[in-house]
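As structure tokens, the structure follows; a few thoughts come after it.
The values are calculated or read from the model by the stated rules, or taken from the named source; none is laboratory data. Just so we're clear, the structure is a prediction, and the values are computed from it rather than from any experiment. Cβ placement follows ideal geometry from the backbone for every residue including glycine, while neighbour counts extend to all protein chains displayed.
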Amino acid sequence: MQKWLWGVDRLSTWIGKAFAWLVVALTVLITWEVFSRYALNRPHAWVLDAQIMLYGTLFMTAGAYTLSKNGHVRGDVLYGFFQPRTQATIDLVLYILFFLPGIVALTWAGWTYANESLAIREQTFSAEALPLYPFKFMIPLAGAVLLLQGLVEIARCVICLREGAWPKREDDVEEVDVDKLKEMVNVRDEDIEALDKYVTPKGRP
């Protein structure tokens, strides 16, 4: 079971990181368009549509990745104080009542929406039109991957209810590991304290 959970996590992570390169594409595209518009006086009508589609794709494909890292925003004011079984019960109820119906509807409607767009070879409303249907197919794709990751999270809730503890997730670098960073640059806590005393003026807290 754990290998299956981690396998889906790896898939969501790979998709999220692969599409994260769209940030680079967006940066290059916007930079080039600004230069072309203001330096060369040659604006392009299709660039704005391309930016919107690239950002939309980036946003949608990040959903499953973020869920696999337990990174979506939640109200932790009380949740963090609950026992794991209580947390799992709350998550399981919310997944069943809200997540599953919403994501299934998104995936189903998105597939229909994309196929209708493909049937008419839909394009953007612009002087330099771009094909719109490839972007619309990202809706059911992102929905399907998010649904798969959601099923994995439901399985984690069931495991937690049974065992009383959350199953371990695979390690992934999400935040700076301060201890490893200190080790890499050969800095000790004593050095930091000495530097802090030297930098902080006397009489200042």
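Numbers at a glance
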read-out: Flag for residue 170 being modelled with pLDDT under 85, within 30 Å of residue 7 (Cα to Cα) and in contact with a helix residue (DSSP H, G or I) (Cβ under 9 Å, 6 or more places away or on another chain); value: yes
read-out: Scan of segment 124-152 for residues that are among the charged types (D, E, K, R) and surrounded by fewer than 19 Cβ atoms within 10 Å (Cβ to Cβ), ordered by number; value: 128
read-out: Residue in segment 26-34 that is assigned to a helix (DSSP H, G or I) and under 23 Å from residue 92 (Cα atoms) present; value: no
read-out: Residue match in segment 11-33 (condition: under 12 Å from residue 152 (Cβ atoms), aromatic (Phe, Trp, Tyr) and exposed (fewer than 13 other Cβ atoms within 10 Å of the Cβ)); value: no
read-out: Subset of segment 73-96 [among the basic types (Lys, Arg) and within 17 Å of residue 164 (Cα to Cα)]; value: 85
read-out: Filter result for residue 93 (modelled with pLDDT of 90 or more, surrounded by fewer than 16 Cβ atoms within 10 Å (Cβ to Cβ), over 21 Å from the mean Cα position of the chain (by Cα) and of a type in the set (Val, Ile, Thr)); value: yes
read-out: Tally, over segment 34-45, of residues that are under 25 Å from residue 138 (Cα atoms) and either surrounded by 14 or more Cβ atoms within 10 Å (Cβ to Cβ) or without any contact (Cβ under 8 Å) to a residue 12 or more places away in the chain (or both); value: 1
read-out: Number of the exception - residue 111 against (1) out of contact with any Pro (no Cβ under 6 Å at 6 or more places or on another chain); (2) surrounded by 15 or more Cβ atoms within 10 Å (Cβ to Cβ); value: (1)
read-out: Where a residue in segment 80-94 is among the aliphatic types (A, V, I, L, M) and its partner, wherever it lies, is in a loop (DSSP other than H, G, I, E, B), with Cβ under 8 Å and at least six apart; value: 88/166; 90/82
read-out: Unique match (being without any contact (Cβ under 8 Å) to a residue 40 or more places away in the chain, β-branched (Val, Ile, Thr), within 23 Å of residue 142 (Cβ to Cβ) and in contact with a Leu (Cβ under 8 Å, 6 or more places away or on another chain)) among 8, 23, 73, 104; value: 23
